[in-house]
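Trainee: Have a look at the structure that comes next, please.
The values are calculated or read from the model by the stated rules, or taken from the named source; none is laboratory data. Note that this is a predicted model, so its numbers are computed, not measured. Note: ideal-geometry Cβ built from the backbone for every residue, glycine included; neighbour counts use all protein chains shown.
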Amino acid sequence: MNTREFVSYYKKLRKEQDEIVEYEEAREEIEEIFNLIAEVIAMDEEVKFRNRGIFSLLKRKKRRIGSPTSKEVREIVPKKTIKFVQSKILEIN
């Protein structure tokens, strides 16, 4: 499921609850949720949703790579990414 399909599905669910939502408004609401999760992860480095999974901050180390064309050894800078680990028992309501 890509972003467009996800937003359309969210919009359909809201319509079933008798709330009419435009596509852009639904997309903005979803973006706000993901931004909120990202902010909390930046503060606490982990967000747990019971029976759903864990969002955590993954810190990658710097690495050395060799360019296949120029045979030059370069370093990739360290970076932080968000990782999601699904719960072993995923409850879907």
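Trainee: Any chance segment 54-73 includes a residue that's within 30 Å of ARG14 (Cβ to Cβ), within 12 Å of the chain's Cα centre (by Cα), aromatic (Phe, Trp, Tyr) and not in a strand (DSSP E or B)?
Mentor: Scanning segment 54-73 turns up no residue that is within 30 Å of ARG14 (Cβ to Cβ), within 12 Å of the chain's Cα centre (by Cα), aromatic (Phe, Trp, Tyr) and not in a strand (DSSP E or B).
Trainee: With the structure loaded, tell me whether ARG74 is closer than 17 Å to ILE33 by Cβ, surrounded by 10 or more Cβ atoms within 10 Å (Cβ to Cβ) and among the basic types (Lys, Arg) or whether it fails that test.
Mentor: In short, no.
Trainee: State yes or no: is GLU31 surrounded by 10 or more Cβ atoms within 10 Å (Cβ to Cβ), within 16 Å of the chain's Cα centre (by Cα) and at pLDDT below 90?
Mentor: no
Trainee: Just to be sure I understand the filter: pairs with C-beta atoms under 8 Å, separated by 6 or more residues or on different chains, first member in segment 31-49 and closer than 21 Å to SER87 by Cα, second member charged (D, E, K, R) and in a strand (DSSP E or B). Which pairs pass?
Mentor: Pairs that qualify, where the first residue is closer than 21 Å to SER87 by Cα and the partner is charged (D, E, K, R) and in a strand (DSSP E or B): there are none.
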